[in-house]
Amino acid sequence: MKYVTRFDRFVAGDFPMVCVRSGRAATRMVPVQATRSASWPWLFLVPAPIMFFAAKLVGDGDDPCGRLPFAEGQVGGVTAVYDKRVGVILRGVHKDFVAATRRAQGKSADG
């Protein structure tokens with residue numbers, strides 16, 4: 001399942017203690033590195049490969065690090081991608097984590 005969250009919430013680890021991977025009660029907050037989503041460097045790949053690699057280095061920059069709740073033995077399997085336009089996209093999350101996060105934010109579980 002996919003879940004999109006705000007950048008500041010991801011960095012602060014502002015999530016309920018529900019395991020992001022299994023949906024069980026989480027036991028700890030684990031640092032997770034998010035990769036940046038920069039698609040513009042791909043425009044240089046065919047016409048100028050050297051420019052592509054230079055643009056990738058400049059465009060990607062430092063990858064932000066956030067904190068996500070995990071249950072014991074469940075660390076891994078979740079990917080995070082930071083996109084300035086939408087926030088942090090989490091992939092591989094459990095539906096119970098999504099529902100608990102939406103409840104904590106005061107939103108409906110299916111909205």
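All of the numbers you see were taken from the coordinates with simple rules; none came from a lab. Since the structure is predicted, the reported quantities are computational estimates derived from the model, not experimental observations. Cβ: placed from backbone, ideal geometry, glycine included. Neighbour counts: every protein chain shown.
Backbone geometry of the range 85-97 corresponds, through the Karplus equation with coefficients 6.51, -1.76 and 1.60 at θ = phi - 60°, to 3J(HN,Hα) couplings of 6, 10, x, 9, 9, 9, 10, x, 8, 7, 4, 5, 5 Hz, x marking Gly and Pro. Take the Cβ atoms of VAL4 and ARG28, set R0 to 25 Å, and the FRET efficiency comes out at 0.60.
Give me the net charge for the shell around GLY87: Cβ to Cβ below 10 angstrom, other residues only, Lys and Arg +1, Asp and Glu -1. Result for the local shell: +2.
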